[in-house]
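Undergrad: The following block contains the structure, expressed as structure tokens.
The values are calculated or read from the model by the stated rules, or taken from the named source; none is laboratory data. Since this is a predicted model, take the numbers as computed values, not measurements. Counting neighbours? That spans all protein chains shown, and the Cβs are built from the backbone with ideal geometry, glycine included. SASA here: full protein model, heavy atoms, side chains in, ligands and nucleic acids out. Shrake-Rupley method; radii C 1.70, N 1.55, O 1.52, S 1.80 Å.
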Amino acid sequence: MSRHLDAEFHVRGTSRYVDDHPRPENMLHLAVFGSPVAHGRIRSIDTRAAQAADNVVAVFTADDIPGDPWHGPVVQDEALLAVGEVRYIGQPIVLIAATDTASARRAAALVTVDIEAREIVTDPRVAHARGDLFGVERTFAQGDVDAVWAACATVVEGTAELAGQEHVYMETQRARAYPREDGGAQVMASTQGPTMVQKCVARALGVALHRVEIDVVRLGGGFGGKEDNANSIASLAAVAARLTGRPTELVLDRATDMRITGKRHPYSSDYRLGLSADGDILAFEARHYQNSGGYTELSPAVLERTLFTSCNTYRIPNFRVHAACCRTNIVPNTAFRGFGAAQGLWVIECAIHHAAERLGIAPETLKRRNLVHDGDWFPYGQQVSHEHAHLCWEAADMQFDLAGIRTDIEAFNADNRLVKKGMAVLPICHGVSFTKIPLNQGQALVHIYQDGSVTLSSGGIEMGQGLSTKLAAIAARAFGLPVERITVQSTNTLRTANMGPSAASATTDLNGNAVLVAAQKIRDRLLAFAADRLGVAVDTLDIVDARVTQDGTDAAWAWDDLVAQAFLNRINLSDHGFYATPGIAFDPSVEKGQAFAYHVYGTAVFEVEVDCLRGTYRIERVSVAHDMGRPLNEAVDIGQIEGGLLQGIGWMTCEDLRFDRETGACTTATHASYKVPGVYLVPDDIRIHLLEDPGNSIGPYSSKAVGEPPFLYAPGVYFALREAIRAFNSDAELGFDAPMTPEKTLMQLYSGRIDALLGDTPVPQARTRT
Amino acid sequence: MSVGIEFLLNAHVEHAHAGPTLALLDYLRDRRRIVGIKEGCHEGDCGACAVLLGRPGADGVWVYRSVTACLVPLADVASCHVITIEGLNRADGAMTAIQRAIVDGYGSQCGYCTPGIVVSFTELALSAQRMPTRDDIRRALGGHLCRCTGYGGLLRAGDLIAEALGALSLPANRSALVAADLLPAWFDTIDTLREGLDPAPALVSEGVPLAGSTDIYTRGPAQAAAPERLRLLSREPVLHGIQDTGDGLRIGAMTTTRELMESPAMAAIVPTVASDLLPVAAQTIRNRSTLGGNIVTGAHNADLATIMLGLDATLEIVGSAGRRELALADFYRDATQVDLAADEIVAALHLRRDPGRRVNFERVSKRSHHDKAIVNTFMACRVVAGRIEYVRLAAAGIGARPQRLRNVEAWLEKRTIDQDTLGGALDRLGVDIAPVDDYQGSARYKRLLLRQLVLAHFLVLFGDAVDMEALTPEVAS
């Protein structure tokens, strides 16, 4: 198995990220001044002090932008530098260029603005009530929900609250831009979407796309945070480069990055679930209030994915879910691994746990009973096929013994008073494809050089997920070469045009299939040439371990010689591959269609232990039965599963993203106050069982997407903790409100008794959490 | 203001001319363009900028510690040895066993955190006294944030490194580590390199006293926030070391948290000190943070200060007017200011040994490790025949400063341990405290948490004598 292709550079510290490249002598360093208030009309901007500061070369506002300042992936409603109005704290207003970073940042602090304050809304329900929405409310439905409630033996309803999440990619947002002689720009960006950056830069400069080159070697983490957030960063750098005629670089420091960039959307949701006497789900209704932030950004696309995943992996014959993007005065939220899916899944899972608690039965009983079968319909009008929900569940049961875990936990809880355990089983189902159909295309450019070495470029971005490793493996396999003969180049808009972003877990599928197309075209030409020379039928030939074989025996022709001869005989050693996912369609006017190429399934079991004295907890074990098709590189995929699991566990436990309700300020915008998982949060025991699967006809070499699905297991840890809390305090009204911080854990453990324990009547505290 | 600062940087003598307060990270990355070292947060939390910082220990043997370069003032590395990832690479382009372990363990994805982790794993190899356990590996990784791997591959890499170390006779000298490919070959020449170094360079020696700089340098981009003139306390020998004074200990103010954790003398007083302090910051920080710094900063949730309050520590304060002693509890009398004149520094803490004393430390933070305490508390007591002879109960996170809960102490002292005594103590917990709502938690939570942690003291210290049923009534069942 090949290693992670970049790892050897990483461990030596020689991997280059944007600002690791040698600096041009006259490069300028940039800093932004952002809005100090969350909502208001700009009366005036005073940049005189900043302009006069040491080492400052130029100061820009929106008026200086040569092209169109407005940008946005769905609706162009935000300006690169604010025009007229600000809608969130930190919204860029002024751009400073100086000869060093410290001077630029110091000068930014000298800018003052006069802003007429407007009312600040941070609660999406308030925004919804006022009609402050991006786009229109959308509804996915099937069956007739209203007709069924009366027939339900059990109906539960409630609300579910879910906080956002900060990406904390280790490399903050950054870009370096070089002015081009034709008025365009060349930009080294840290982006998941080079074409989106190219469009944004071209628009800002007022030039056509062919005058903008975007190059991306790799990202120091993305997770969705560099899908759209990166556009404005790169565009600001390009604008400054154009206006000063010098190379520029904009690197956000961590606190600024956390304060001004979009994050995972917080949601507030209402649900209602109806069951038959046998425990069959008859009806589910929900309304999601997405906290979108100040501008549209990717919110409508994220919202759509919430709707697609609101049924998770359950058969729900009568289904109606509404969702709306609510405009508030926090950062414009954006893509984050899971892209709205986790928020949708969370609510149906809350509803099922609620029902199970009402009925006094184990939640997994209800979940197992209601898994989808082939032939069922997802509410978005796609019929279930190649369903692996049961395979995963049964594999989990077989490997991990779900009933045994439950029995052990009950016995432990009966014997222990101050320590309680809890478990939760969480099945997932994730549709793979961009729900925006045009994005489902991939491209690759493959060259073989005269020495037999192979290079490939694609429309995919290496951000740690192992894309390069997988693409190289695909090319190596297609050519019959060892992987060392392949080099994966930077992603560049001159070599690959019109790329979709590296997102939606689809990057390997799309670009890997494109690599396969390109490689096979060249291979076909090489083998035709070889067949001609050897005077044999082409279908008897193959390339194995860098040698030509005929009917399985060595044909005394090495790869390098074959390539050299082919070149001399003017055989084209380069090709371009294009791949578009077949058979997918979606019609938003009726909210129905064959939206996904396939689905990824899995089942996870979380076991936790709660210290009921201190309100702290430990995640003892996570066991996963996961559907991955035939992995291209199992170790890389395990790394994706482990990474996704812990990122999800962080979201549900210690990552406590807060906004001040009155000011709209993010009060956890530093590493000191926002805690991502460290090594001590890693479960003591992680068991990963990969489903032995006949494969997946759509993915390259029968592989399946792996980026986002493992993240979707996240709510499992919440429910396991909740169960342990209920084992200590069985009739507390707990509600559903993630994350489960140590604070919430302790307050819930003693819910109903805190006044008595503290010996007083509490003064109601203003809640600052949104 | 620019000064000349000389130190060893990897395998050469570096002559820096820069502001003394410039963060080492900014000097290396921005000025010198040594870019293997990464900036992830510039607040000491992520570990991406970790370097090995070597300086002579008490016995003259050089000690190398992994520290975050963003929190180290350049002046403080004068006459020291700084090793970056570039210095850990083999000259022939091959990987060391540590680098290979990370590659083979699939412990690197986006790679941004990786160079810092190689540095900390190298410290693990340099300081291993025995074959590292998973706990040792976690400790080495504790100051590093990785957002990609979920740490699975890094733990596996740690296991591979532990195996390589297990094959050696430990502790291993540098030559053995070079031979095992855990260090690049030039480490064998370190002693020669050091000979070229000015042992006592001219340094700024007046200005703001700076200990481990792990607090002040976290306040935004350091170059802007740090004071222009520094008094580097690391250069003052009288502030270092833990000495037995006959009836107790004198702990130099510059004693690091790491040194406290590893001190047998300290363990004789607080047997669980190593595990108590494990959640406090992370090894990369504990290698720099000092006892004196924690005391003088006196943050509202300081951990070492709480422990020292509970141990009745006395401060040794030195200034131009001479030397004085002051009980730590009196040092914090004022919520807004500590009792320290501008020309004074805390030189040491004195602890009295008391063989009959039993102690317990409790703390809770949002992230279990490497996070500030929401509430912490330390209890020390002597119990004779079921009666509390004396008790000290200190806590932090519930007021402007770490404090003693004197009402509770007064109630408990000279009483027999029974339900009435303990219940009465819990009833008195709210008297002296004034927690506030902040991002760490609500005031109400902090009050409940303090109650629970004091209950935990009783459970740990008085064990069977505590009827938990009575003190933690069944909520429902």
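Undergrad: Between A:Leu534 and B:Arg353, with labels modelled 7 Å along Cα→Cβ, what's the label distance in nm to one decimal, could you check?
TA: The two pseudo-label positions are separated by 8.5 nm.
Undergrad: Pop out the ³J(HN,Hα) list for segment B:314-319 in order, Karplus 6.51 cos²θ - 1.76 cosθ + 1.60 with θ = phi - 60°, rounded to Hz; leave Gly and Pro as x.
TA: My calculation for segment B:314-319 gives 10, 8, 9, 10, 10, x Hz in order.
Undergrad: Between B:Thr245 and B:Asp467, what is the FRET efficiency for a Förster distance of 41 Å, r being their Cβ-Cβ separation, to the nearest 0.05?
TA: Working: r = 41 Å, r/R0 = 1.00.
FRET efficiency, B:Thr245 to B:Asp467: 0.50.
Undergrad: OK, next. Sum up the lysine pairs in chain B that clear both bars: alpha-carbon distance under 29 Å and a spacing of 8 or more or different chains.
TA: Numbers: B:Lys38/B:Lys366; B:Lys38/B:Lys372; B:Lys366/B:Lys446; B:Lys372/B:Lys446; B:Lys414/B:Lys446.
Close lysine pairs under the 29 Å cut-off: 5.
Undergrad: Sorted by average packing, counted as other Cβ atoms within 10 angstrom per residue and highest first, what order do A:90-101, B:122-133 take? Display every interim value, and only then the final one.
TA: On the way: A:90-101: 23.8, B:122-133: 19.0.
Ranking the peptides A:90-101, B:122-133 by packing returns A:90-101, B:122-133.
Undergrad: Further question on the same structure: With θ set to phi - 60° and the Karplus curve 6.51 cos²θ - 1.76 cosθ + 1.60, what are the ³J(HN,Hα) couplings of segment B:459-464 in order, to the nearest whole Hz, using x for Gly and Pro?
TA: Coupling constants for segment B:459-464: 5, 6, 8, 10, x, 5 Hz.
Undergrad: Can I ask one more? Accessible area of A:Glu8, 1.4 Å probe, to the nearest 10 Å²?
TA: The value for A:Glu8 is about 80 Å².
Undergrad: Give me the count of lysine pairs in chain A whose alpha carbons sit under 17 angstrom apart, restricted to pairs 8 or more positions apart or on different chains.
TA: Details: A:Lys199/A:Lys226; A:Lys226/A:Lys263; A:Lys263/A:Lys675; A:Lys420/A:Lys744; A:Lys421/A:Lys744; A:Lys436/A:Lys592; A:Lys470/A:Lys704; A:Lys675/A:Lys744.
Eligible lysine pairs with Cα atoms under 17 Å apart amount to 8.
Undergrad: May I pose another question? Full-extension gain between B:Ser2 and B:Arg406, please, as 0.36 nm times their residue separation minus the C-alpha to C-alpha distance. If you can, show how the numbers build up before the last one.
TA: Numbers: separation 404, 0.36 × 404 = 145.44 nm, distance 4.98 nm.
Between B:Ser2 and B:Arg406, full extension yields an extra 140.5 nm.
Undergrad: Specify whether the C-alpha gyration tensor of chain A places it in the rounded, prolate or oblate class, a ≥ b ≥ c being the square roots of the eigenvalues: rounded for a/c under 1.5, otherwise prolate if a/b is larger than b/c and oblate if not. Before the final figure, lay out the partial values.
TA: On the way: a/c = 1.87, a/b = 1.14, b/c = 1.64.
Oblate is the answer for chain A, as a/c is 1.5 or above yet b/c matches or exceeds a/b.
Undergrad: Oh, and also: Please list, short to long, the whole-number percent of alpha-carbon pairs of segment A:441-580 in consecutive 5 angstrom bins beginning at zero.
TA: Percent of Cα pairs in each bin: 2, 11, 21, 22, 17, 12, 8, 5, 2, 0.
Undergrad: Sticking with this one: Roughly what % of Cα-Cα distances in segment B:358-471 sit above 23 Å, to the whole percent? Walk me through the numbers before you get to the answer.
TA: On the way: 1598 of 6441 pairs.
In whole percent, the long-distance tail amounts to 25.
Undergrad: Separation of segment B:14-44 and segment A:117-144 by C-alpha centroid, Å?
TA: 47
Undergrad: Check A:Ala58: other-chain or 5+ apart residues with amide H under 5 Å from its amide H, H built from backbone geometry?
TA: A:Ala97
Undergrad: Would you rank B:Asp354, A:Asp46, A:Asp278 by solvent-accessible area, highest first, keeping every protein chain in place and using a 1.4 Å probe?
TA: A:Asp278, A:Asp46, B:Asp354
Undergrad: Calculate log10 I(q)/I(0) of segment B:96-172 for q = 0.13, 0.14, 0.17, 0.23 Å⁻¹, where I(q) comes from the Debye formula with a single equal point scatterer on each Cα and nothing for solvent.
TA: Result of the Debye calculation: -0.31, -0.37, -0.54, -0.99.
Undergrad: Go ahead and run the numbers for FRET between A:Ala147 and A:Glu357, Cβ-Cβ distance against an R0 of 22 Å, rounding to 0.05.
TA: Numbers: r = 27 Å, r/R0 = 1.21.
Calculated transfer efficiency: 0.25.
Undergrad: Hey, another quick one. For A:Trp149, A:Trp559, write out the residues from largest to smallest accessible area, computed with a 1.4 angstrom probe and no ligands counted. All intermediate terms of the calculation are to be shown ahead of the outcome.
TA: Details: A:Trp149 25, A:Trp559 0 Å².
Putting A:Trp149, A:Trp559 in descending order of accessible area: A:Trp149, A:Trp559.
Undergrad: Oh, and also: Would you calculate a helix-derived [θ] at 222 nm for the protein assembly as shown, using -39,500 (n - 2.57) for each DSSP H run of n ≥ 4 and dividing by the full residue count, to the nearest 500?
TA: Numbers: 38 runs with 356 residues, N = 1247.
Calculated at 222 nm, the ellipticity per residue is -8000 deg cm²/dmol.
Undergrad: Give, as a single signed number, the net charge of other residues whose beta carbon lies under 12 Å from the beta carbon of B:Arg387, with Lys and Arg counted +1 and Asp and Glu -1. Numbers along the way, then the final one.
TA: Numbers: positive: B:Arg382, B:Lys414, B:Arg415; negative: B:Glu389, B:Glu413, B:Asp418.
Neighbourhood net charge equals 0.
Undergrad: Could you tell me the distance between the Cα centroids of segment A:320-337 and segment B:96-145, to the nearest Å?
TA: If you average the Cα positions of each part, the centres end up 39 Å apart.
Undergrad: Also, I was wondering about something else. Under 12 Å from the Cβ of B:Asp104, count the other residues' Cβ atoms, weight Lys and Arg +1, Asp and Glu -1, and hand me the total.
TA: Values: positive: A:Arg3, B:Arg100, B:Arg156; negative: A:Glu8, B:Asp159, B:Glu163.
Charge balance near B:Asp104 sits at 0.
Undergrad: Another question, if that's okay. Assuming R0 = 60 Å, what is the FRET efficiency of B:Asp330 and B:His17, from their Cβ-Cβ distance, to the nearest 0.05? Write out the running numbers ahead of the final one.
TA: Working: r = 44 Å, r/R0 = 0.74.
E(calc), rounded to 0.05, equals 0.85.
Undergrad: Turning to a different aspect of this structure: Expressed as a whole percent, how much of the Cα-Cα distance distribution for chain B exceeds 40 Å? Intermediate results must be reported in sequence, preceding the final value.
TA: On the way: 27214 of 113526 pairs.
Of all Cα-Cα pairs in chain B, 24 percent lie more than 40 Å apart.
Undergrad: What whole number of Å gives the distance from the Cα centroid of segment A:145-213 to the Cα centroid of segment A:684-730?
TA: Each part reduced to its Cα centre gives a spacing of 26 Å.
Undergrad: Explain nothing, just compute: Karplus ³J(HN,Hα) = 6.51 cos²θ - 1.76 cosθ + 1.60, θ = phi - 60°, for every residue of segment B:428-434 in order, whole Hz, x for Gly and Pro.
TA: Computed from phi, the couplings for segment B:428-434 are 9, 5, x, 5, 9, 10, 9 Hz.
Undergrad: What ranking, highest mean first, results for peptides A:73-85, B:17-29, B:416-428 when packing means the other Cβ atoms within 10 Å averaged over each residue?
TA: Details: A:73-85: 18.7, B:17-29: 22.5, B:416-428: 16.5.
Highest-to-lowest ranking by the protection proxy: B:17-29, A:73-85, B:416-428.
Undergrad: Taking amide hydrogens as modeled 1.01 Å from N in the peptide plane, which residues meet the under 5 Å criterion relative to A:Thr549, leaving out close sequence neighbours?
TA: A:Asp542, A:Ile543, A:Val544, A:Ala555
Undergrad: Just to check, using Stokes-Einstein with a Kirkwood Rh over alpha carbon pairs, what's the diffusion coefficient of segment B:239-352 at 25 °C and 0.890 mPa s in µm²/s?
TA: Details: Rh = 14.2 Å.
D, rounded to a whole number, is 173 µm²/s.
Undergrad: Given the convex hull over the Cα atoms of segment B:1-112, what projected area results after averaging over all orientations, in nm²? If you can, show how the numbers build up before the last one.
TA: Working: hull surface 32.6 nm².
Projected area, direction-averaged: 8.1 nm².
Undergrad: Still on this model: Tell me the relative contact order for chain A as a rounded percent, counting alpha carbon contacts under 8 Å between residues six or more apart. Working shown, then result.
TA: Values: 1922 pairs, mean separation 110.3, N = 770.
Once normalised by length, the contact order is 14 percent.
Undergrad: Of A:Met499, A:Val454, A:Gly512, whose Cα points farthest to the positive end of the dipole of segment A:441-580 (charges on the beta-carbon: +1 Lys, Arg; -1 Asp, Glu; origin at the Cα centre)?
TA: The residue sitting farthest along the positive end of the dipole is A:Met499.
Undergrad: Less than 11 Å Cβ to Cβ from A:Ile316, Lys/Arg counted +1 and Asp/Glu -1: what total charge do the surrounding residues give?
TA: On the way: positive: A:Arg315, A:Arg320; negative: A:Asp280, A:Glu285, A:Asp376.
So the environment of A:Ile316 carries a net charge of -1.
Undergrad: Here's a follow-up. Rg and Dmax of segment A:135-209, using alpha carbons, in Å: what are they?
TA: Computed over the Cα atoms of segment A:135-209, radius of gyration and Dmax are 24.2, 73 Å.
Undergrad: Going by amide H atoms built from the backbone, whose H comes under 5 Å of the H on A:Met499, apart from near neighbours?
TA: It is A:Thr195, by chain and number.
Undergrad: What ranking of B:Arg174, B:Arg32, B:Arg367 comes out by heavy-atom accessible area, probe 1.4 Å, highest first?
TA: Numbers: B:Arg174 60, B:Arg32 90, B:Arg367 10 Å².
Sorted by accessible area, descending: B:Arg32, B:Arg174, B:Arg367.
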